[in-house]
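Take a look at the structure below.
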């Protein structure tokens, strides 16, 4: 249980870091003007509405890679119920994307990516995480004498 919780928290944190790193180039394509304050929601909405395609593409890529990496890590650390752990991370990222979509105007294609990408990429990340994790063997091995205290 503790391993599962730690795995999900680690996956969300690392996935969030990936999202931030992948969105950085978009901030260079469309930087925030110095006169806009982060507390001015209307000015932020107007600024986001004028974002170029390259900046929007960075956001779409980040919304895909973050859940992928996060769910892969979660499945890899949890070592059981891979898909469930990965989809928990994907649902957390989906909730963040939906919140973001409601906060600012986005083009239709980016809204579709924001809803579908976290679910698809987290499923894919959990599937790959299941294949790459080193699962402990189930039960004693045929010649494992340690279980019977017969080992030298």
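Counting only residues that are assigned to a helix (DSSP H, G or I), farther than 13 Å from residue 73 by Cβ and without any contact (Cβ under 8 Å) to a residue 40 or more places away in the chain, region 1-19 holds 2 of them. Restricting attention to region 40-56, the residues that are buried (at least 16 other Cβ atoms within 10 Å of the Cβ) and part of a helix (DSSP H, G or I) add up to 5. Would you be able to say whether some residue in region 87-98 is out of contact with any strand residue (DSSP E or B) (no Cβ under 9 Å at 6 or more places or on another chain) and farther than 21 Å from residue 6 by Cα? Yes - at least one qualifying residue is present in region 87-98. Quick one: is residue 60 at pLDDT below 95 and surrounded by 14 or more Cβ atoms within 10 Å (Cβ to Cβ)? Answer is yes for this residue. Summed over region 7-24, the residues that are exposed (fewer than 15 other Cβ atoms within 10 Å of the Cβ) and touching a helix residue (DSSP H, G or I) at 6+ places or on another chain (Cβ under 7 Å) give a count of 0. Checking each residue in region 63-87 for being assigned to a helix (DSSP H, G or I), crowded, with 17+ Cβ neighbours inside 10 Å and more than 10 Å from the chain's Cα centre (by Cα) picks out 75, 76, 77, 78, 82, 85. Does residue 37 satisfy the condition of being at pLDDT below 95, out of contact with any strand residue (DSSP E or B) (no Cβ under 7 Å at 6 or more places or on another chain), farther than 21 Å from residue 133 by Cα and part of a helix (DSSP H, G or I)? Criteria not met by residue 37.
The values are calculated or read from the model by the stated rules, or taken from the named source; none is laboratory data. These numbers come from a predicted model, not from an experiment. All Cβ positions, glycine included, derive from the backbone under ideal geometry; neighbour counts span all protein chains shown.
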